[in-house]
Every structure is written in C-alpha cells, then in structure tokens.
Amino acid sequence: MSGDTDYTWRDSELHSPPLRALNRVGAGLARWGMELPPLTPSSVIAAASKAAGSGDFGGESFREPLEVFLRSCEQDAELTTFGRLLIGKMLAGALANRIELHRWSLEHPEVADERIDGPWVIVGLPRTGTSVLSMLLGLDPMARPLLQWEAAHPIPPPTLDESAQDPRIARTAKELDGLMKLNPPLKAMHPFGATLAQECVSLFMFDVRTLALETQAHVPSYGRWLEQADMAPAYRQHRLALQTLQSRLPTQRWILKTPNHLWDLEALLAAYPDARIIWTHRDPGPVVTSLASLANAAQRPLTSRSDPRPAAEEWKRKCRFALDSAVAFDERSDDGWCQHVHYDRLMADPLDTVRQLYRRVGDEVSDLHARRIESFLEYRPKDAFGRHLYDPSDFGWSYAGLSEEFAGYTRRYQVARESTSRPGPTAG
C-alpha cells in the first residue's frame with residue numbers, strides 16, 4: 001500500500017459486491033419484518049458457548065451490558081445485514097474468550113497469585129500520542145505491553161519458548177489483513193499489527209463494558225449507560241487476563257493504555273492502586289475531529305447511515321464527559337496521582353519525555369532501553385500506510401468553535417492550540 005495515499009472517513013465505503021448484495025437482500029427482508037441475522041443476547045451467548053465448548057462464563061456481570069448494547073444497536077445503530085453479522089461475531093468471540101479465561105483460571109488456580117505491580121497506565125484521550133508512548137515504554141526490557149495477538153486470542157497463555165512463533169500470531173495477522181482489505185483507511189488512522197502493542201480496552205470486552213463497542217456502532221444509549229455503570233466487573237476480567245498472561249510469560253511491569261480508563265479513574269485506581277498513571281494532553285480541536293473521522297470510518301461499512309454527524313457529535317460529547325470527569329477527579333485528588341505529558345513535547349523529544357517519566361517515579365531509563373528507543377525512532381516508517389486527513393467542517397464544526405468549547409480544559413492544563421489542521425498521527 002502506498003504511503004502517498006490520503007484517506008478520510010469517506011473512503012471507508014463498503015466496496016465488496018457480494019457484501020453489498022447481502023445488504024440489499026437483508027434490507028428487503030427487513031421491510032417484511034425479518035431482521036437477519038438475529039442479534040439478541042441469547043443468539044450471542046449461544047454462539048460464544050458453542051465456540052468455547054462451555055456455557056460457564058464465571059459470572060453473570062456481562063448480561064446487563066450485553067442487553068443494553070444490543071438494544072441500542074437495534075434502536076440507534078442502523079446496522080446493515082453485514083453489520084449485524086460482524087457485531088454478533090465480535091461479541092461472541094469476546095465472550096468465548098471470557099469462558100476460556102475462566103476455565104483456565106479454574107484449571108490453574110496459581111494464576112490468582114500473580115501480582116500486577118506498578119503498571120504504567122496511559123489514560124489520555126485517543127489521538128493524543130498514547131499509542132506511540134506505549135510503544136516507547138514497551139521497549140523497556142523489564143516491561144511488557146499487551147500485544148494485539150495476545151488480546152485477540154489469550155488462551156492458552158503463551159510461554160517464553162513458544163511466544164515468538166505462536167501460530168496465533170499468523171492467525172491474528174490474517175484477521176487484521178482481512179480487516180484492512182475490507183476497510184483500507186483504518187491502517188492510516190490507527191496502528192494495526194499482530195505483534196504491536198494493543199489497547200487494554202480489548203480486555204474490557206470480556207464483560208461487554210467498553211468504549212471499543214462504541215467505535216464499531218453508533219450506540220448513544222449504551223454509551224450513556226456505560227458512563228454510569230460500575231466498571232469493577234470489567235476490571236476483574238482485565239486483571240485476570242493480565243495475571244493469566246503473566247503466569248507463563250513473566251514481566252516486572254505491564255505497559256497498559258486505553259482512553260477507557262479516563263472515563264472512570266476511581267475504578268482504575270481501585271483495581272491498580274500503585275499504577276504509574278500518565279495523562280496525555282493535546283489540543284482538543286484536532287483530537288476530537290480526528291476521532292470523529294476514525295469513528296465514522298470504523299462504522300461506515302456496518303451501517304446504512306450516510307450522515308457522519310451523529311457519530312461525530314456523540315464522540316465529541318463523550319470526550320467532553322471524559323475530560324470533565326477526569327478534571328473533577330484531579331481536583332479532589334492529591335498531587336502526584338498522575339504525570340502529565342503534552343503531545344507537542346512528546347513529539348519533539350520522545351526519549352527525553354520517557355526519561356522524565358522515569359525520573360519522576362525515582363527510576364532511570366536503562367542504556368538498553370534508550371538505545372531501543374533511538375533505534376525505533378530512526379527506523380520507524382512515517383505514514384507508511386497513507387495519511388489520515390480530517391476536516392471539522394465535515395461534522396458542522398470549526399477549530400475555533402472547538403477551541404472555545406474545550407477552553408476550560410486547555411487553560412487548566414496549559415494545552416497549546418495547534419495552529420494548522422494537519423494529517424493525524426498514525427500513532428494515535
């Protein structure tokens with residue numbers, strides 16, 4: 001794929017003739033009151049149980065969010081037949097992983113003794129440099145990021161001698177290749193790769209309490225439910241998955257990142273009280289606009305809706321909610337509960353940014369870690385899969401208006417306004 005290609009959310013149109021034909025047939029059946037395939041809690045649970053060979057989910061906490069999400073899909077998402085197929089498969093796969101994770105924990109009770117000590121946890125909004133920062137921290141030989149193939153297929157947990165050639169790497173690469181062929185712009189908008197660091201938001205999927213679902217479908221009623229939901233059950237699945245993976249491939253420290261944490265920092269610190277939290281900051285104008293473009297690009301092949309504004313407005317609202325919640329938490333918390341990293345500083349001097357993060361927790365970047373960062377930065381391809389272009393006018397916005405809307409946040413954290421609208425960073 002050429003790095004000279006420019007992509008916007010409009011380029012995510014579903015082009016496959018067979019899938020377009022499938023959607024036409026499905027739309028015809030829907031007019032007769034037949035929504036196919038079925039997208040119900042019972043159909044998803046049955047598919048997950050069949051795939052995992054068991055119906056023991058290790059608890060029932062996933063049922064309410066599953067019901068709320070699927071109801072929102074029917075009411076809000078305007079899914080096509082292909083969209084219904086893909087959403088159902090995604091949910092069944094996540095719940096099958098939950099079943100397998102629970103079964104493994106019963107068969108290997110020693111997993112519960114694994115300690116998750118002092119993880120680095122990056123909590124900034126999407127598009128604020130969280131991906132590249134997680135990659136830099138993950139180059140520490142004493143640390144370990146969650147990899148995309150491990151998150152997709154965690155059981156059985158890989159061992160040290162098998163991890164480099166685990167067949168699930170090729171399986172995940174094939175799955176991602178299929179996704180990229182279906183929706184090529186995504187590769188320019190977010191880093192994908194079986195052996196790349198993955199957002200730990202994928203582990204929240206095991207309890208169906210996750211922002212990841214909102215990137216796949218326009219489900220505002222689910223989003224509002226999630227903002228008020230108890231996240232403790234999702235963090236229990238999150239911790240169990242890390243304990244399980246760590247039990248056979250040890251690490252001193254995990255590198256974790258997902259904006260999902262920003263929505264409920266109290267739940268994060270209840271789960272990991274000694275976490276080394278990093279909050280990344282960037283001008284909300286390009287952040288929200290880039291995210292609106294990404295959300296529309298991800299949802300476009302699955303929905304009959306052509307108007308990009310509903311999804312864009314929902315994600316803008318969600319970002320405002322997350323920042324308001326995090327600022328309120330910051331105001332009532334002791335100094336030092338997190339470290340703040342500004343996007344422009346991170347991009348200008350990545351190695352020094354990492355050095356400063358380590359020093360503030362009484363640690364030092366090792367010589368080997370520094371050399372790995374320098375090598376990564378030197379050889380990392382720039383825009384290898386195309387450039388992500390986004391324009392606030394696509395969603396009825398302007399950068400000036402967004403700047404005014406988020407002015408309280410930018411003033412509090414002295415976030416510089418970016419002077420030009422430029423292609424978004426593939427690092428996220």
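Side notes on the structure shown:
- Boolean, THR159 is in contact with a helix residue (DSSP H, G or I) (Cβ under 6 Å, 6 or more places away or on another chain), surrounded by fewer than 21 Cβ atoms within 10 Å (Cβ to Cβ) and either aliphatic (A, V, I, L, M) or touching a residue at least 24 places away in the same chain (Cβ under 8 Å) (or both): yes
Listed here are the residues, each with its yes/no results for (1) on the phi > 0 side of the Ramachandran plot; (2) open to solvent by 50 Å² or more (accessible area, probe 1.4 Å); (3) assigned to a helix (DSSP H, G or I); (4) not polar (S, T, N, Q).
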{"residue": "PHE57", "(1), (2), (3), (4)": "no, no, no, yes"}
{"residue": "GLU64", "(1), (2), (3), (4)": "no, yes, yes, yes"}
{"residue": "GLN75", "(1), (2), (3), (4)": "no, yes, yes, no"}
{"residue": "PHE82", "(1), (2), (3), (4)": "no, no, yes, yes"}
{"residue": "LEU91", "(1), (2), (3), (4)": "no, no, yes, yes"}
{"residue": "GLU100", "(1), (2), (3), (4)": "no, no, yes, yes"}
{"residue": "LEU106", "(1), (2), (3), (4)": "no, yes, yes, yes"}
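- Taking the range 240-292 as the range and being assigned to a loop (DSSP other than H, G, I, E, B) and of a type in the set (Ser, Thr, Tyr) as the test, the residues that pass are THR251, THR258, TYR272.
- Boolean, VAL354 is among the hydrophobic types (A, V, I, L, M, F, W, C), part of a helix (DSSP H, G or I), in contact with a helix residue (DSSP H, G or I) (Cβ under 6 Å, 6 or more places away or on another chain) and surrounded by 19 or more Cβ atoms within 10 Å (Cβ to Cβ): yes
- Residue that is surrounded by the most Cβ atoms within 10 Å (Cβ to Cβ) [pool: residues in the range 178-190 that are of a type outside the set (A, V, I, L, M, F, W, C) and in contact with a Phe, Trp or Tyr (Cβ under 9 Å, 6 or more places away or on another chain)]: PRO185
- Number of the condition not met by GLY336 [criteria: (1) part of a helix (DSSP H, G or I); (2) free of Cβ contacts under 8 Å to residues at least 24 places away in the same chain]: (1)
- Subset of the range 108-140 [of a type in the set (Asp, Glu) and either part of a loop (DSSP other than H, G, I, E, B) or touching a strand residue (DSSP E or B) at 6+ places or on another chain (Cβ under 8 Å) (or both)]: GLU114, ASP117, ASP140
- Taken over the range 31-52, the criterion of being free of Cβ contacts under 8 Å to residues at least 12 places away in the same chain and more than 24 Å from GLY178 (Cβ to Cβ) is satisfied by ARG31, TRP32, GLY33, MET34, SER42, ALA46.
- Counted as qualifying within the range 151-235 are the helices (runs of 4 or more DSSP H) with 2 or more residues that are out of contact with any strand residue (DSSP E or B) (no Cβ under 7 Å at 6 or more places or on another chain) and over 23 Å from LEU125 (Cα atoms), namely 167-182.
- Every test in (1) in contact with a Leu (Cβ under 6 Å, 6 or more places away or on another chain); (2) part of a helix (DSSP H, G or I) is passed by ALA295 save one, and that test is (1).
- THR289 vs. criteria crowded, with 20+ Cβ neighbours inside 10 Å, at pLDDT 95 or above and not charged (D, E, K, R): yes
- Complete set of residues in the range 14-28 that are in contact (Cβ under 8 Å) with a residue 24 or more places away in the chain and surrounded by 13 or more Cβ atoms within 10 Å (Cβ to Cβ): LEU14, SER16, LEU19, LEU22, ASN23, GLY26
- Given (1) open to solvent by 20 Å² or more (accessible area, probe 1.4 Å); (2) farther than 16 Å from ALA94 by Cα; (3) at pLDDT 95 or above; (4) in contact with a Phe, Trp or Tyr (Cβ under 9 Å, 6 or more places away or on another chain), index of the condition GLN246 fails: (1)
- For ASP335: the one exception among (1) open to solvent by 20 Å² or more (accessible area, probe 1.4 Å); (2) at pLDDT 95 or above; (3) of a type outside the set (Phe, Trp, Tyr); (4) closer than 30 Å to PRO273 by Cβ: (2)
- THR280 vs. criteria surrounded by 22 or more Cβ atoms within 10 Å (Cβ to Cβ), of a type in the set (S, T, N, Q) and at pLDDT below 95: no
- Criterion (within 20 Å of the chain's Cα centre (by Cα) and either closer than 23 Å to TYR272 by Cα or modelled with pLDDT under 95 (or both)) met by exactly one of PRO119, PRO109: PRO119
- Members of the range 357-373 that are closer than 28 Å to ALA270 by Cβ, part of a helix (DSSP H, G or I) and free of Cβ contacts under 8 Å to residues at least 12 places away in the same chain: TYR358, ARG359
The values are calculated or read from the model by the stated rules, or taken from the named source; none is laboratory data. What you see is a predicted model; the values in this text were computed from it and never measured. Heads up, the Cβs are rebuilt from the backbone with ideal geometry, glycines too, and the neighbour counts pull from every protein chain shown. Surface areas here come from the heavy atoms of the whole protein model, side chains and all, with no ligands, DNA or RNA. Shrake-Rupley method; radii C 1.70, N 1.55, O 1.52, S 1.80 Å.
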